[in-house]
């Protein structure tokens, strides 16, 4: 079996060697004062970043003076800071932002039979995996949508997880301007990977998501629950010509996405709107 391991420890070794500074702080809701968990803090031009923990605490590595530090969280306005601003005030208050969605009411009588969207990969294939401690690492697949569809579930075909200690966030984006765009899920949908092969399934029916254009389905590494930096996970994939490849990754929060000539075993189930 061919296996690709995106070793985040190795990818980040050069960055770690020259890291001169860490900025640490806490993120809180500006209205309630409650901590903001699993927010993304990133420096795109340095491809460094992190994710706040469940108590809103973060530790951001900085190698040089960046153009900007970008901070985003589900349910809050995205903010940009200079490094000078962040050094002076690392504890930040985030402004809540109303979740905007297209109001769609779909009657059950208008729905067709359930369909699979994306690559299911029922047979054992190759593996692609991640290991290390780079919070915010994301792996996902562009899912083609041929017609208006009510999404029911998301599925991730897992080959193996090491340590039973990986907390992942399910992200679903609109596909806009050739890359992942606006998030469609209004909440943090968290998933703990198990130490076995099989398919991880997440129920999306509570969100009543109706899509009519391509989407990007991804998993984001938000916490190594063991704290040892040894956790890892692999998913099924296969080599694919560029026109059929759907696999994209990004190194950490707000880093650019990179396409690979592979097809990833992430898929959706839904019912087309007749």
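With in the same structural domain as residue 261 (by TED's automatic domain parsing) and either surrounded by 19 or more Cβ atoms within 10 Å (Cβ to Cβ) or at pLDDT 85 or above (or both) as the only criterion, which of 142, 197 stands out?
142
Does segment 212-229 contain any residue that is at positive phi, in a loop (DSSP other than H, G, I, E, B) and surrounded by fewer than 20 Cβ atoms within 10 Å (Cβ to Cβ)?
Within segment 212-229, one or more residues are at positive phi, in a loop (DSSP other than H, G, I, E, B) and surrounded by fewer than 20 Cβ atoms within 10 Å (Cβ to Cβ).
Which residues, taken from segment 230-258, are farther than 30 Å from residue 56 by Cα, at pLDDT 95 or above and assigned to a strand (DSSP E or B)?
247
What helices (runs of 4 or more DSSP H) completely inside segment 1-118 contain at least 1 residues that are outside the structural domain of residue 183 (by TED's automatic domain parsing), modelled with pLDDT of 65 or more and exposed (fewer than 13 other Cβ atoms within 10 Å of the Cβ)?
Correct list: 83-88.
The values are calculated or read from the model by the stated rules, or taken from the named source; none is laboratory data. What you are looking at is a predicted structure, and each value in this text was computed from that prediction instead of being measured. We place every Cβ from the backbone using ideal geometry, glycine too, and count neighbours over all the protein chains shown.
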